[in-house]
């Protein structure tokens, strides 16, 4: 974790001391652009580009933007997000860190989502229409720069030796924020 003097000032971590906040880091997101045939800068997807991935000796199971799409839909539609208590970051397989504004409305259709992610990876930011608000933006690594001071960090795993209920993560009345790293991939390990 960076020393306090090197921490970045953002709107999210300035107001994060006001109370509990859940920070979800979607790790190993399969978001990568490629030139496939005549198509330029398309988001690789194992369903559509399986032959291309195999010809380049790339593991098709790593390129699953549909998993990222479903994760974002569930997270940003959650009551926690509507209560302004959620912050989402995406970390891709190519070490790109993306900050998701809680006000972002993710496209419901998968093809539109792929187009939006391709646009983000090309332009580095997505702004709200008719506004200067950045809904999605690529930021510098590591994600620890954006976490509140004293934030508890947790990693999810199917191979954990003990099961912990979500209700037991923080004592009641605590104002401590929690960052949870979740794998947004079909198979593999986080970290």
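Any read-out appearing in this document is the output of simple, stated calculations on the displayed coordinates, not a laboratory observation. All figures in this text were calculated on a predicted structure; none of them were measured in a lab. Here the Cβ positions follow ideal geometry from the backbone for every residue, glycine too, while neighbour counts run over all protein chains shown.
Only helices enter the 222 nm calculation for the chain: every DSSP H run of n ≥ 4 contributes -39,500 (n - 2.57), and dividing by all residues gives -6000 deg cm²/dmol, rounded to 500. With respect to the chain, whose longest principal axis is taken over its alpha-carbon atoms, helix 65-76 is tilted by about 30°. Relative to the dominant Cα principal axis of the chain, helix 110-123 is inclined by about 80°.
In plain terms, the residue of 109, 156 with the fewest other Cβ atoms within 10 Å comes first and the most crowded comes last, giving 109, 156.
Rg(Cα) of segment 100-179 divided by 2.2 N^0.38 Å?
1.48
Kirkwood hydrodynamic radius of segment 44-191, from the reciprocal of the average inverse Cα-Cα distance over all distinct pairs: 17.2 Å. Ordering 144, 129 by the number of other Cβ atoms within 10 Å of each residue's own Cβ, fewest first, gives 129, 144. In terms of other Cβ atoms within 10 Å, 180, 126 run from fewest to most in the order 180, 126.
Applying D = kT/(6 pi eta Rh) to segment 117-156, where Rh is the Kirkwood radius over alpha-carbon pairs, T corresponds to 25 °C and eta to 0.890 mPa s, the Stokes-Einstein value obtained is 198 µm²/s. Spin-label model, residue 133 to residue 56: label points 7 Å out along the Cα-to-beta-carbon direction sit 3.5 nm apart. Take every DSSP beta bridge whose two residues both sit in the chain; close to 45 percent of them are antiparallel. How far apart, in nm, are the 7 Å Cα→Cβ label points at residue 156 and residue 176? So the two model labels end up 2.0 nm from each other.
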